[in-house]
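The block underneath contains the structure these notes are about, expressed in structure tokens.
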Amino acid sequence: MPKGEKRFIFFIIFLFLGILVSLQFRGILTANKQKTLTAINIDKLETQLEDEKKTGESLKKQISEAQKLNDQYLKDSVDNMSNSQIKKLKSELDAVKLKMGLTDVKGPGLIIKLDDGQETPDSDVTQLIIHDGEILQVLNELKAGGAQAISINGERIVSTSEQICAGPTIRINKRRYPVPYEITAIGNPQLLYDTLDKSSIAQDFRDFGIKMDMVKSQNIMIPKFIGNLDDLVTSMEVAGK
């Protein structure tokens, strides 16, 4: 092969190798650049997180100090009041807390356990499932029977509580619960029992095969409401207008 052709072939080979090396070098630079940007972003996020933590700690400290100041003001006010005034204020405060569901309640009442019906070859599955509307009917009957406090699966029912059917579960106070449902109500056990037992919803449960067991009790404890207090206060303000 003539020397000119060899040189040309070598030139092409070296040119090709040079292009490959250049591309590889560019790839390495790009990867390093991306790594650098990622590291910068991580550092930035870590700094923001630390700032948020410091802000949170500062706010917690301010809240704690404000609570102490509020307690001191309350104590000073109470010290300057008569016993009758204190008792009256405490009675009013207890009544408001009970109405808003912000305190645990103990007393006699009724425990209701609900569960979906048993499917049979001739049954309509939709009628065997407990829906939110039926839960609402039960709650309305209990309120009509004089229930002072009600809970579903340990969730205190207040003015803002929703019972929303979500597939095979029901959402109560923004938490999901599957069957069975345990509804507890504090009030006159016999009156609550009779009111619910004679209601149309109880008859529907019997007709459709939905399981409902009721037990009267002299010792029921219903926990206080745990949820968004801002929504609860707003609903009370609206109701009071």
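The values are calculated or read from the model by the stated rules, or taken from the named source; none is laboratory data. Because the structure is a prediction, the values reported are computed rather than measured. Here Cβ is always computed from backbone atoms with ideal geometry, including for glycine, and neighbour counts include all displayed protein chains.
The table below lists the values:
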{"item": "Selection from the stretch 189-202 of residues that are among the polar types (S, T, N, Q), buried (at least 18 other Cβ atoms within 10 Å of the Cβ) and either more than 13 Å from Ile112 (Cα to Cα) or in contact with a Lys or Arg (Cβ under 9 Å, 6 or more places away or on another chain) (or both)", "result": "Ser199"}
{"item": "Qualifying residue in the stretch 74-95 (condition: outside any helix (DSSP H, G or I) and at pLDDT 75 or above)", "result": "no"}
{"item": "Filtered residues of the stretch 96-132 (kept if over 24 Å from Pro180 (Cβ atoms) and assigned to a helix (DSSP H, G or I))", "result": "Val96, Lys97, Leu98, Lys99, Met100"}
{"item": "Lone unmet requirement of (1) under 26 Å from Lys106 (Cβ atoms); (2) buried (at least 17 other Cβ atoms within 10 Å of the Cβ); (3) at pLDDT 85 or above for Ile130", "result": "(1)"}
